[in-house]
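Report on the following structure.
A short reminder: the numbers here are calculations on the coordinates, not readings from a lab. Since the model is a prediction, treat every value here as computed from it, not as a measurement. Please note: Cβ atoms are built from the backbone with ideal geometry, for glycine as well, and neighbour counts cover all protein chains shown.
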Amino acid sequence: MNSDLTRRRRLARTALPAAALLLIGSAVAVQSSAPAAAAETTLRAAAANAGLFFGVAASPNRLYPIVGQEFGQLTPENDMKPDRIATSSGGLQNTSGADTLVNHAQSNNMLVRGHTLVWHSQAGALQGASQATLNTFIGNAINRWGSRIAYWDVVNEALEDNNTGRRRNQWPHTMNRDANGDGDFFDPGDTDVIRDSFIRAKQVVQAGGYTTKLCINDYDVDGLTVQGGVRNRKADALYDIVSNYRQYIDCVGFQAHFNDNPNSIITDDLQANIQRFADLGVEVHITELDIDDDLSNNDIGAGQAENYRKVVRACLNVERCTGITVWGISDSESWRSSERGLLFTGGNGNYQKKAAYHAVLDELNKGRNTTTPPPSEPPVDPTTPPPSEPPVDPTTPPPSEPPVDPTTPAPTTPNPTTGCSATVSALDAWTGGFVVTVRVTATTAPISGWSVQLTLPSGSSVTNAWNADRSGNSGTVQFSNVSYNGSVNAGQYTEFGFQGVGTATGLNPVCTPA
Ligand code: 9MR
């Protein structure tokens with residue numbers, strides 16, 4: 001196992017010193033039983049003992065001591081969204097808020113969830129952007145923080161409201177094309193912004209050697225059913241997406257904003273739904289938990305604390321449910337303050353624990369109750385599919401057409417005497433399509449620009465490229481640097497990528513310094 005990953009997992013299990021945290025916090029009656037002698041006194045430590053993280057969404061102006069004391073993971077509530085940090089060409093801007101949060105998390109040994117890369121909402125300058133521009137942004141954002149981000153929400157809220165099970169009819173999903181009209185976007189000839197964004201994200205993570213895991217996140221996907229026992233079609237649609245793209249998706253986020261909307265209630269089959277995703281080999285996280293304090297319109301009505309307990313228990317009972325994040329610290333500072341959905345009251349760093357807090361702490365302290373091995377073993381790395389049950393791979397080429405082995409880069413011709421070399425550093429191919437990453441290295445001296453020429457097999461063509469300008473789509477295609485990646489120091493490299501239809505065998509990229 002790589003050492004970064006080992007370290008991250010160790011950190012996730014490290015309890016903070018519990019010293020000052022045994023506070024009598026709340027005037028509200030504690031509904032949980034008295035903690036046992038060995039019980040932990042913070043959410044963070046109790047969760048770590050059970051082998052999961054307990055986190056919080058935060059903003060730079062709310063980094064009070066409680067953040068690092070009670071929580072082992074941090075999600076920027078707004079500071080990493082495209083409307084904050086993306087330029088219209090997919091570059092980065094205004095990253096200071098995000099940097100502050102990442103630094104704070106790092107100095108408090110907290111995991112970070114990046115939120116979010118591809119989203120129809122809060123898209124800012126990226127609104128209406130092409131897949132190529134989204135890919136550029138994905139690359140820039142992932143590379144900025146590298147392994148300091150444990151989990152990235154690559155695609156957020158791709159599915160429509162009202163339990164239809166359909167993708168949103170909004171950009172970026174309006175870029176999708178169902179080539180054979182079979183009602184899904186999973187076929188090789190289809191265009192799917194989810195697939196293409198995950199492919200790009202995976203390439204960037206692999207090229208950078210990062211430990212970052214890539215997640216898809218949505219709301220109203222929590223239970224197998226919604227109110228009235230109606231099948232949760234939105235959850236089923238998410239399940240189909242993860243099944244089809246399992247090779248690129250490492251984790252699934254259930255936002256878990258529970259209220260009295262018929263599609264947003266807590267059902268008894270929450271655990272079974274978590275379990276079926278976990279059975280695909282992905283980690284499952286509860287990513288944005290808040291629970292309306294007045295769920296009077298649904299059938300469960302047992303009180304907010306008991307509802308919190310139920311959600312925490314459902315996660316604890318599935319070993320691959322590896323984290324829970326609440327969407328803010330205190331009711332008054334929450335996006336839905338009138339529903340009093342969080343674990344604390346108060347504000348500005350002066351917080352009081354609610355009954356819900358004590359219920360969560362108590363439930364975490366009870367630990368997992370799984371039939372699978374105990375959590376001393378880290379969760380299976382989802383980038384390594386279990387050998388017994390390989391993930392569904394919709395892209396496996398038919399036997400008649402031997403697949404290109406992505407672990408064996410196509411032959412390349414480095415040309416060190418000219419000052420730069422080009423190699424295929426990653427290649428992902430499926431029946432009828434491919435994605436290639438090309439690495440440009442300054443061999444002996446710094447270069448200030450480059451161009452790379454390669455020849456595609458007959459019948460193949462490039463459909464989009466990122467981090468390079470290109471001329472030509474088929475036959476011999478020329479790629480050259482863009483404004484931000486022309487300068488490469490001696491011995492260093494930069495990478496660009498392209499996607500295409502057909503095959504990508506025998507590429508032989510040749511680099512010329514500009
Ligand atoms: O909590 C966030 C709030 O401060 C913002 O105004 C809002 C804007 O869309 O986004 C909220 O966070 C959302 C999250 O990014 C995605 N899932 C739903 C969350 C609550 O709306």
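Which residue out of A201, A207 is away from the ligand (no atom under 16 Å from the Cβ), in contact (Cβ under 8 Å) with a residue 60 or more places away in the chain, in contact with an Asp or Glu (Cβ under 6 Å, 6 or more places away or on another chain) and of a type in the set (A, V, I, L, M, F, W, C)?
Of A201, A207, the one residue that is away from the ligand (no atom under 16 Å from the Cβ), in contact (Cβ under 8 Å) with a residue 60 or more places away in the chain, in contact with an Asp or Glu (Cβ under 6 Å, 6 or more places away or on another chain) and of a type in the set (A, V, I, L, M, F, W, C) is A207.
When you look at Q304, is it more than 16 Å from the ligand (Cβ to nearest atom), polar (S, T, N, Q), in contact with a strand residue (DSSP E or B) (Cβ under 6 Å, 6 or more places away or on another chain) and touching a residue at least 60 places away in the same chain (Cβ under 8 Å), yes or no?
It is false that Q304 is more than 16 Å from the ligand (Cβ to nearest atom), polar (S, T, N, Q), in contact with a strand residue (DSSP E or B) (Cβ under 6 Å, 6 or more places away or on another chain) and touching a residue at least 60 places away in the same chain (Cβ under 8 Å).
Any residue at all in region 87-103 that is within 20 Å of A256 (Cα to Cα), within 16 Å of the ligand (Cβ to nearest atom) and free of Cβ contacts under 8 Å to residues at least 40 places away in the same chain?
no
Which residue is farthest from N259 (Cα to Cα), if the candidates are limited to region 332-371 and must be under 26 Å from the mean Cα position of the chain (by Cα) and within 16 Å of the ligand (Cβ to nearest atom)?
E333
Among the residues of region 59-73, what is the count of those that are in contact with a Gly (Cβ under 7 Å, 6 or more places away or on another chain), more than 11 Å from I329 (Cα to Cα) and away from the ligand (no atom under 14 Å from the Cβ)?
2
Can you name every residue in region 318-331 that is part of a loop (DSSP other than H, G, I, E, B) and more than 14 Å from the ligand (Cβ to nearest atom)?
Within region 318-331, V318, E319, R320 qualify.
What pairs can you find where one residue is in region 491-513 and acidic (D, E), the other is in a loop (DSSP other than H, G, I, E, B), and their Cβ atoms are less than 8 Å apart, with a gap of 6+ or different chains?
Pairs that qualify, where the first residue is acidic (D, E) and the partner is in a loop (DSSP other than H, G, I, E, B), are E495/N467.
From (1) away from the ligand (no atom under 16 Å from the Cβ); (2) touching a helix residue (DSSP H, G or I) at 6+ places or on another chain (Cβ under 9 Å), pick out the condition that doesn't hold for Q122.
(1)
Would you call D79 more than 16 Å from the chain's Cα centre (by Cα), within 16 Å of the ligand (Cβ to nearest atom) and of a type outside the set (A, V, I, L, M)?
When the stated conditions are applied, D79 does not pass them.
Here is a check on your reading of the model: is A237 under 24 Å from H120 (Cβ atoms) and assigned to a helix (DSSP H, G or I)?
yes
Just give me the residues in region 502-514 being assigned to a strand (DSSP E or B) and surrounded by fewer than 18 Cβ atoms within 10 Å (Cβ to Cβ), in sequence order.
Hits for region 502-514 are V510, T512.
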